[in-house]
Amino acid sequence: QVELVESGGGTVQAGGSLRLRCTASTRPLSDFFVGWFRRIPGKEREFVAAISWSGSSTYYGDPVKGRSTISRDNDKSTVDLQLDSLKPEDTAVYYCVGADGTYGYPNEEHQYDYWGQGTQVLVSS
């Protein structure tokens, strides 16, 4: 089974930045179309961002559009999510997700085959 692992979470003041990283345990992350979802306490899990295999295409959910950047380095088999201008409402557990293949806009949970354990981001006011 493929396990995705997130790192880089933590506590930051509003207006600050964090960079989250995703890696894969048993296969190169370059094998996957990769995305990020987040679960805000008391809310449904929501789409954050995604990136194609080569990195040529990126996608962003409305709540973080303009404040986040997803990138990948296939030589290092890593995917990074840069979060800027963080707001208290960005407080959530952020999950890295991977797909063997996707169809359509990649913002739905069922499109992904592998999920990480999540990393906590807490933005203080």
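Among the trypsin sites (Lys or Arg not before Pro) found in the range 2-107, those both in a DSSP coil and sparsely packed, with 16 or fewer other Cβ atoms within 10 Å of their Cβ, are K43, R45, K65, R67, K76. Under 22 Å of direct C-alpha separation, and excluding same-chain neighbours fewer than eight residues apart, K87 reaches these lysines: K43, K65. Note on the chain: semi-axes of the ellipsoid equivalent to its C-alpha gyration tensor, largest first and rounded to whole Å, are 22, 14, 14. Excluding the sites themselves, what is the longest stretch of the chain that contains no GluC sites (Glu not before Pro) in a DSSP loop with at most 14 other C-beta atoms within 10 Å? By the stated rule (loop sites, at most 14 other Cβ atoms within 10 Å), 45-107.
Coordinate-derived values only; no laboratory data. Bear in mind the structure is a predicted one, so any value in this text is a computation, not a measurement. Methodologically, a virtual Cβ is constructed for each residue, glycine included, from the backbone with ideal geometry; neighbour enumeration extends over all protein chains shown.
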